[in-house]
Amino acid sequence: MRTGSTPRPRPVEGSLRRLGVETIDLYYLHHRSDDTPIEETIGAMAELRQAGKIRLLGLSNVTAEDIRRAQATHPFAAVQEAWSLSGRMVESILPLLQQHDITLVAHSPMGHGDMGTDWAARLFAASEWIGITPAQIALACVHNRGRQLGHLYDNIAASQVTLDDATMAELTTSDPDPAGRDI
């Protein structure tokens, strides 16, 4: 992967070997280099996709401008960013992600464990008042702020559904793609 001024060996080969798979479903660039244009890195990731080593591309720790430049180079599927009561900068890129149908993978709803702040005191007070854990309050806040993310509530509702064996058999016994496409 080219993420710095010197090309590095492709870590994807080692990941494929360790995972025991032929294709990685979602491969992230976690920290882009200031020395290498993001277009070059996304281009290298697109080469891995063309070679069948990765299915989808993702970015993490990027700016709105990085997203625009990367998307102009090659479409990608996901952006991973922290989202909590104490770190809400990701909210500024939500419209851009929606515009390009890019999934937000939010992490660290507890603010990377920074519990010495005013927001943490409010979080703990709310958890006592409502009667649920601080982690549940933090997740609920992120979920409520993300209402414009259409799939969120479907995903939450689906997590509560248990399909019986007969339904699962009916849904999974046929060829998933009768046209034979590699999706």
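Ordering 103-110, 77-84 by mean Cβ neighbour count within 10 Å, with the highest value first, yields 77-84, 103-110.
Based on C-alpha pairs under 8 angstrom that are at least 6 apart in sequence, the stretch 16-123 has a relative contact order of 22 percent.
Our estimate of slack between Leu19 and Ala125, defined as 0.36 nm per intervening residue step minus the Cα-Cα distance, is 33.9 nm. Applying the Kirkwood pairwise sum to the alpha-carbon positions of the stretch 80-140 produces a hydrodynamic radius of 12.5 angstrom. The convex hull around the C-alpha trace of the stretch 47-149, projected and averaged over every direction, spans 7.6 square nanometres. Scaled against 2.2 N^0.38 Å for its residue count N, the alpha carbon radius of gyration of the stretch 42-86 is 1.28.
Taking a temperature of 25 °C and a viscosity of 0.890 mPa s, what whole-number D in µm²/s does Stokes-Einstein yield for the stretch 30-107 with Rh from Kirkwood over alpha carbon pairs? Stokes-Einstein gives a translational diffusion coefficient of 190 µm²/s.
Read the figures in this text as sums done on the coordinates, not as results from a lab. All values derive from a computational prediction rather than experimental measurement. As a convention, Cβ positions derive from the backbone with ideal geometry for all residues, glycine included, and neighbour counts pool all protein chains shown.
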